[in-house]
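**Student:** Structure in structure tokens, see below.
Laboratory data are not the source of any read-out in this text; all were calculated from the coordinates shown. The model shown is predicted, which means the values in this text are computed figures rather than measured ones. Please note: Cβ atoms are built from the backbone with ideal geometry, for glycine as well, and neighbour counts cover all protein chains shown.
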Amino acid sequence: MSKTVKGLIMSDYKSRLEGTSDAMVISIRGVKAIPATKLRRSLNAKKIKITVVRNSLAKKSFEGTSLEPLAKFLTGPSALAYGGSSVVEVAREVIELIKEMPEVELKGAILDGTLYEGKAGVTELSKFPTKDEAIGNVVTLIVSPAKKLLAAIQGPGSNIAGIIKAIESKLEKGEAIAKKAG
């Protein structure tokens, strides 16, 4: 392959992965054409892309980027899975899909500079909350004590309001209000 073609391939990788800081490396060796197309379509529907890469050219393209640590997984037939809302979502989707396609090999992934190796690492990664889920958890943690405080403050106030309302309705009806002994 000429230097010009290699340069074009590397610039294609760089343009496709521009702005991508988290990704997953898989091997789709042994997956037949129709299942591979189904895999790509189902992932594409969730804005997850799969790009089959030439290992040496991908390694050179990754140099100086946040994807550089993935170079250690680029052996044998490799494809890069990236996109979606985060690599956690990518891991979840790929793990779900490989239940039907055990030929797909999970090589590893990177999230915020941390490498997750092999099937065990990617499975661990898939159990993390996505960014949106994490934000929701934080908001819940922040709001929960405020709700409890509000309930504690409103509790006695609502009791007093209830007593005053009962007294008011008795007085409107002309009923006598009994004194409480104590």
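**Student:** Contour minus end-to-end for R54 and E18, with contour as 0.36 nm per residue of separation and end-to-end as the Cα-Cα distance? Don't skip to the end; give the middle numbers.
**Tutor:** On the way: separation 36, 0.36 × 36 = 12.96 nm, distance 1.74 nm.
Roughly 11.2 nm would be gained on extension.
**Student:** Another one. Mind pulling the angle between the C-alpha long axis of helix 3-16 and the longest principal axis of the chain? Nearest 10 degrees, somewhere in 0 to 90.
**Tutor:** Tilt of helix 3-16: around 10 degrees.
**Student:** How do V25, V90 rank when sorted from fewest to most other Cβ atoms within 10 Å of their own Cβ? All intermediate terms of the calculation are to be shown ahead of the outcome.
**Tutor:** On the way: V25 26, V90 30.
Fewest-to-most ranking of V25, V90: V25, V90.
**Student:** Go ahead and estimate [θ] at 222 nm for the chain from helices alone: -39,500 (n - 2.57) per DSSP H run with n ≥ 4, summed, over the residue count, rounded to 500.
**Tutor:** -17500 deg cm²/dmol
**Student:** Among S86, S169, S11, which one shows the biggest mean-square fluctuation in a GNM of the chain, springs joining Cα atoms closer than 10 Å?
**Tutor:** Comparing S86, S169, S11 in the GNM, the peak value goes to S169.
**Student:** While we're on this one: With just the Cα atoms defining each centre, how far is the range 48-100 from the range 1-47? Give it in Å.
**Tutor:** 8 Å
**Student:** In debye, nearest 20: dipole of the range 3-128 around its Cα centre with unit charges on the Cβ of K, R (+) and D, E (-)? Don't skip to the answer; put the middle values down first.
**Tutor:** Numbers: 21 positive and 14 negative charges, 110 e Å.
Roughly 520 debye, rounded to the nearest 20.
**Student:** Given the alpha-carbon gyration tensor of the chain, what are the semi-axes of its equivalent ellipsoid in whole angstrom, ordered largest first, with each equal to the square root of 5 times an eigenvalue?
**Tutor:** Working from the Cα gyration tensor, I get semi-axes of 62, 17, 14 Å.
**Student:** Compute the distance in nm between two label points, each set 7 Å from the Cα along the Cα-to-Cβ direction, one at S144 and one at K47.
**Tutor:** For the pair S144/K47, the computed spacing is 3.0 nm.
**Student:** At 7 Å along Cα-to-Cβ for each site, give me the label-to-label distance between I164 and A120 in nm.
**Tutor:** The two pseudo-label positions are separated by 6.5 nm.
**Student:** Just to be sure I understand the model, the point goes 7 Å from the Cα along the line to the Cβ. What's the resulting T4 to I34 distance in nm?
**Tutor:** 4.1 nm
**Student:** Something else about it: All other residues with a Cβ under 13 Å from the Cβ of K6 taken together, and with Lys, Arg as +1 and Asp, Glu as -1, what is their net charge?
**Tutor:** Working: positive: K3, K14, R54, K59, K60; negative: D12.
Once positives and negatives cancel, what remains is +4.
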